[in-house]
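To start, the structure itself, in structure tokens.
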Amino acid sequence: MIEFDDMPDLRRPVLICAFAGWNDAADAATSAVDHLIESWGARPVGGVDPEDFYDFQVARPHVGTDDRGMRRITWPGTQFLIASPPGSLRDVVFMRGIEPSMRWRQFVSEVLGAAEDLGVELVISLGALLSDAAHTRPVPVSGTATELDLADKLGLESSNYEGPTGILGVLMDACMRLDLPAVSLWASVPHYLPHGPNYKAALALVARIEDILDIRIDQSELREDAAAWQRGAEQYAEDDEEISAYVEAYERDHDAASMPEASGEAIAAEFERYLKRRDTDS
């Protein structure tokens, strides 16, 4: 059962979600959601009771000290937050947590039941996967939608992935069965880099959220983090001959195939993003 505290009336809400774990290579998806939560001043309004959905030997609770010096335990789970993005006619509901350990169908049923009660009109899920992408090139972001016209409208690349899926795949399937419009965005992150937040991939996901919601999002801090990540990735690659050779081969094999991306439409889309962000960052 999901219970909300002090929930106001929401304006055409959108649900944006990300889960740590299998769906979140290099923490890219959760980093993107965390940036939006901070940028828009989202506030917690409820959560999913973890008792029925988490194996606490896999996702262990943490013990720590609160502001009063008292010891307390923080349980793993899924939290809901709400925000009203500046300049948007929509409110946003965030779902941020750890991928559940069990009872996925029940979990998704409860989540989408709560979404229906809140009047959610669109679900956007964010994920990230390890791939043969290179840190020297733009982050590939693929996407799927539950409706063909929605995919065409948003210009999403179709994913041809077949294989094991995570909670996001189950969520998308349930949205399709309920005729709830949903979009799933996946950033590809280089497999050869050490584990750690990939802010360049997080930035690419935030840029796609900006396109979908047609609003300006302050990305200045995230761009700084992405630039620092890029410098670290370049240094790491320079120090490893095998990785340097792999990156050179990737650039040689893939650059020619990527030339169509430098089309007039792609350049125009990037220029529109620049115009939207210019006022926000000034």
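Within segment 92-142, the set of residues being out of contact with any His (no Cβ under 9 Å at 6 or more places or on another chain), of a type in the set (S, T, N, Q) and within 24 Å of Asn198 (Cα to Cα) comprises Ser125, Thr136, Ser142.
Yes or no: Arg105 exposed (fewer than 13 other Cβ atoms within 10 Å of the Cβ), under 22 Å from Leu185 (Cα atoms) and either in contact (Cβ under 8 Å) with a residue 12 or more places away in the chain or among the small types (Gly, Ala, Ser) (or both)?
yes
Residue count for segment 215-239 satisfying the condition of being among the acidic types (Asp, Glu), touching a residue at least 40 places away in the same chain (Cβ under 8 Å) and over 20 Å from Pro140 (Cα atoms): 2. Asp67 is checked against (1) closer than 28 Å to Ser142 by Cα; (2) surrounded by fewer than 18 Cβ atoms within 10 Å (Cβ to Cβ); (3) acidic (Asp, Glu) and fails just one. What number does that condition carry? Status for Asp67: all satisfied but (1).
Could you check segment 160-263 for helices (runs of 4 or more DSSP H) lying wholly inside it with 2 or more residues that are under 30 Å from Ala114 (Cα atoms) and either modelled with pLDDT under 85 or under 16 Å from the mean Cα position of the chain (by Cα) (or both)? It would help to see each step written out before you state the result.
On the way: elements: 167-177, 199-213, 220-238, 241-254.
Where helices (runs of 4 or more DSSP H) fall fully within segment 160-263 and carry at least 2 residues being under 30 Å from Ala114 (Cα atoms) and either modelled with pLDDT under 85 or under 16 Å from the mean Cα position of the chain (by Cα) (or both), they are 167-177, 199-213.
Taking segment 12-45 as the range and being exposed (fewer than 14 other Cβ atoms within 10 Å of the Cβ) and assigned to a loop (DSSP other than H, G, I, E, B) as the test, the residues that pass are Arg12, Gly41. In the set Ala114, Ala83, only one residue is modelled with pLDDT under 95, among the hydrophobic types (A, V, I, L, M, F, W, C) and more than 12 Å from Pro50 (Cα to Cα); that residue is Ala114. A single member of Thr165, Thr78 is surrounded by fewer than 19 Cβ atoms within 10 Å (Cβ to Cβ) and at negative phi, and it is Thr165.
The values are calculated or read from the model by the stated rules, or taken from the named source; none is laboratory data. What you are looking at is a predicted structure, and each value in this text was computed from that prediction instead of being measured. Please note: Cβ atoms are built from the backbone with ideal geometry, for glycine as well, and neighbour counts cover all protein chains shown.
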